[in-house]
1. Within the range 99-115, track down each residue that is exposed (fewer than 15 other Cβ atoms within 10 Å of the Cβ) and either closer than 13 Å to residue 135 by Cα or more than 24 Å from the chain's Cα centre (by Cα) (or both).
2. Return the pairs, sorted by first residue and then second, in which the second residue is outside any helix (DSSP H, G or I) and modelled with pLDDT of 85 or more, the first residue lies in the range 49-64 and is not assigned by TED's automatic domain parsing to the domain that holds residue 103, the beta carbons are less than 7 Å apart, and the residues are 6+ apart or on different chains.
3. Hey, residue 141 hits all of (1) under 20 Å from the mean Cα position of the chain (by Cα); (2) at pLDDT 85 or above but one; which does it fall short on?
4. Return the total of residues in the range 7-33 being closer than 17 Å to residue 66 by Cβ and free of Cβ contacts under 8 Å to residues at least 24 places away in the same chain.
5. Checking residue 86 against (1) surrounded by 15 or more Cβ atoms within 10 Å (Cβ to Cβ); (2) part of a strand (DSSP E or B); (3) modelled with pLDDT under 90, which single condition isn't satisfied?
6. Among the residues of the range 2-35, which ones are under 26 Å from the mean Cα position of the chain (by Cα) and outside any helix (DSSP H, G or I)?
7. In the range 101-125, which residues are over 17 Å from residue 144 (Cα atoms) and in a strand (DSSP E or B)?
8. Can you find a residue that is more than 24 Å from the chain's Cα centre (by Cα), over 23 Å from residue 178 (Cα atoms) and modelled with pLDDT under 90 anywhere in the range 116-123?
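The values are calculated or read from the model by the stated rules, or taken from the named source; none is laboratory data. Since we're looking at a predicted model, the values are computed, not measured. Cβ sites come from the backbone with ideal geometry, for glycine too, and all protein chains shown count toward neighbours.
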């Protein structure tokens with residue numbers, strides 16, 4: 001049996017196991033992915049061969065990397081080589097490869113001269129550790145200045161805003177997680 005046949009043979013049981021671990025029904029998964037219940041059932045039973053169009057939403061729904069979903073062989077190189085992304089002058093360097101779930105980033109924040117914070121909310125949880133520079137965090141009614149060696153964590157449903165007040169660029173490590181995936185840090 002070829003390596004590909006072996007991977008395909010094991011995919012159905014893996015899909016079923018991931019769904020059951022989440023305590024989701026085929027109907028729940030169909031609503032989340034847009035894939036019909038019958039197609040999901042045939043994938044899990046091995047009666048249908050998977051396509052990329054089916055696997056991508058399933059990996060996202062189960063919060064696993066595509067290669068983990070299909071149980072791809074190890075590449076041998078564990079280093080994360082994701083490309084930095086710059087948005088609104090802020091650079092995000094991904095430190096994890098896994099889609100969904102907890103995501104870790106190194107942030108490089110330029111000095112921002114903002115007179116009035118624009119507080120936002122969204123689902124999730126954030127943890128930030130300052131490496132260098134300073135970070136101004138407005139969290140609800142609190143206005144905090146975070147320096148090197150300090151960490152903050154908060155529920156992002158609380159109105160919040162953050163920026164670097166200067167005088168130099170700031171660097172931080174950040175972990176973002178979906179609601180309910182709170183970070184647990186032990187000293």
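1. Correct list: 113, 114, 115.
2. Partner pairs satisfying both residue conditions: 54/35; 57/34; 57/35.
3. So the condition that residue 141 fails would be (1).
4. Number of matching residues: 1.
5. It fails just one condition, (1).
6. 22, 23, 24, 25, 34, 35
7. So the first thing to find is which residues in the range 101-125 are over 17 Å from residue 144 (Cα atoms), and the list is 101-108, 110, 121-125.
Of everything in the range 101-125, those that are over 17 Å from residue 144 (Cα atoms) and in a strand (DSSP E or B) turn out to be 103, 104, 105, 106, 107, 108, 125.
8. Among the residues of the range 116-123, at least one is more than 24 Å from the chain's Cα centre (by Cα), over 23 Å from residue 178 (Cα atoms) and modelled with pLDDT under 90, which makes the answer yes.
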